[in-house]
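Peer 1: Structure incoming, see below.
The values are calculated or read from the model by the stated rules, or taken from the named source; none is laboratory data. Keep in mind that what you see is a predicted model, and the values were worked out from it rather than measured. No Cβ is skipped: glycine too gets one built from the backbone with ideal geometry, and neighbour counts run over all protein chains shown. When the accessible area is computed, the model is the full protein with side chains, heavy atoms only, and any ligands, DNA or RNA have been set aside. Shrake-Rupley method; radii C 1.70, N 1.55, O 1.52, S 1.80 Å.
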Amino acid sequence: EKDEVKETKRKQQKAKDKARNEMPFVFEVPTTIEALHEMIANYAATGSDVSLIIQRIHSSNSVRLNKRNLEKMQNFYDVLLRRFIAVGDAIHSSGDGGEELARYEQLDALTQILYSMAQDAPESAGAVWGRRLGILQNAHAKRLRDAEFVTEEEEDGETFSAWPSTGTIMLLRALGHIFPVSDLRHHVVTPAMLLLGQMLAQTPILSVGDLVSGVACAGLMVEFTKDAKRIPTEAVSFLVGILHLFGISERCRMHVPGLQNADVGNLADELSKYEGKDIPQLSLERNEGPIETTAASILCSALHLVDRCVENLKGTIGGSENELFCCVLDLFRSLKPRNPTSVFPNCITNKIMETKSKVSGVVVPNRTPLTRRAEPSRAESATKSLAPRMEDPSRYSMSKDKGKPAKQAVADRMRREYKREHKAVSRELRLDAAFSEKERRRDQEVRDNKAQAKRHKNFAWLEGEQASMNQQVRQGGGLLSGGGMGAARAKVKSAKMGFKRGGKF
């Protein structure tokens, strides 16, 4: 029996390998995540095969090829978002998977396909993203409610976490590559920013893994607000709270609701045990490494994000750097182990001093008071010139494509040429239609005049005949006898002409 089972498995594996080798170029659009996984199980053997299948599905069923594919491609877009989250969660639990699975490469390929589909149908992609963000927000709200009652562990033995999964965090990171994050208001990015702010401000910290997720979310908010020069308020507050966890002060826990009941142990003393010479990188993968390495990566990542905030907001918030970063500057005095005999490693100390110097550069002790309105810029205060700007007055030409990129200039020139040709063709068609209508009316008028002349001729002949008959009657019976109504009355009286019942006249 064991030999039969082995033989059956060998045949099944051979059939799968043959099917994978014969991967078709055209696929039907899977509208559910289960259908996509079944397709992957039948035709894919590696992570690159999975990416190839998804690319072929998009290429053969694109909206640009047929607009009737919009509905099923919209469903497929939601399937890809769920697939992205699933691959991200697999990275957290099992890592990249080596060259065979290559989960990070799968996420890169998915991001490119999601971007291409968003360019094909922006309204459809925006609607799918908005619905998915609503689902994520509802799930997060439910986990916040559950966090009030869950204390120890979940059913599978893992520590309960109210923070979003690694796949969700990676999906939010991909959102910044698909949609513009510098817009004042965006129907996808703005809800995502609000969701990140809610996560950072309200989600409780129950383990060291929650700190890793929180730092990742803070990094997303800092990255999203970089180009628009917005102040990531929730991210800065969360980072200050994390830095306080590595110091001797406890008063900052009241600033962030999620850190008020944080039970992560004494991270500063654990960090003092770190023996590495290089700064460790923060990883979203679940590992059972030493706690001091994780603590070092969390602190260094928080310091790096503070550096990015300083660089992004320096000189752009109207002199408010003191109010924003003064608490961070005061915090550096307390960044040390609580055990007097312990010290931080040299690499960590150097990173702290580097960040402190950058923050000190923007926090000025003596400065002018804040103003409600910033001073006018140099461009705004300059006198406006009403004369046109000319690079070479002798060769000046009124060009609409001046200052545009070459590709944009060619596209605009072709559009204007098409518009001119379209107007010329329309004008010629109108002239032809007017000429044709004029000729049709002229021919119709000729035919109507001929028919009218013929009718007038016939009417004149009838009137002449009637006049002749009336003239003969007026002259008496000499010229005409037997005519008129008198003869008919005489016949009626003599009963020689009349009506019969059921007969003819």
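Peer 1: Do we find a residue being at negative phi and touching a Phe, Trp or Tyr at 6+ places or on another chain (Cβ under 6 Å) anywhere in segment 137-147?
Peer 2: So far as segment 137-147 goes, no, none of its residues is at negative phi and touching a Phe, Trp or Tyr at 6+ places or on another chain (Cβ under 6 Å).
Peer 1: Within segment 347-362, which residues are free of Cβ contacts under 8 Å to residues at least 60 places away in the same chain and farther than 23 Å from Gly315 by Cα?
Peer 2: Matches in segment 347-362: Thr349, Asn350.
Peer 1: Quick one: which residue in Thr168, Thr225, Thr203 is in contact (Cβ under 8 Å) with a residue 40 or more places away in the chain, farther than 30 Å from Val359 by Cβ, open to solvent by less than 20 Å² (accessible area, probe 1.4 Å) and in contact with a helix residue (DSSP H, G or I) (Cβ under 8 Å, 6 or more places away or on another chain)?
Peer 2: Only one candidate passes the filter, namely Thr168.
Peer 1: Just one of (1) open to solvent by less than 40 Å² (accessible area, probe 1.4 Å); (2) over 28 Å from Glu285 (Cβ atoms) trips up Lys67, so point out which.
Peer 2: Here Lys67 clears every test but (1).
Peer 1: Just checking, does segment 263-276 include any residue being surrounded by 19 or more Cβ atoms within 10 Å (Cβ to Cβ), at pLDDT below 90 and of a type in the set (Ser, Thr, Tyr)?
Peer 2: Yes, some residue in segment 263-276 is surrounded by 19 or more Cβ atoms within 10 Å (Cβ to Cβ), at pLDDT below 90 and of a type in the set (Ser, Thr, Tyr).
Peer 1: When you scan segment 277-317, how many residues do you find that are crowded, with 19+ Cβ neighbours inside 10 Å and at pLDDT below 80?
Peer 2: Adding up the residues that qualify gives 0.
Peer 1: Out of Glu28, Glu34, Glu1, I need the residue that is modelled with pLDDT under 85 and open to solvent by 60 Å² or more (accessible area, probe 1.4 Å). Which one?
Peer 2: Result: Glu1 is the single residue among Glu28, Glu34, Glu1 that is modelled with pLDDT under 85 and open to solvent by 60 Å² or more (accessible area, probe 1.4 Å).
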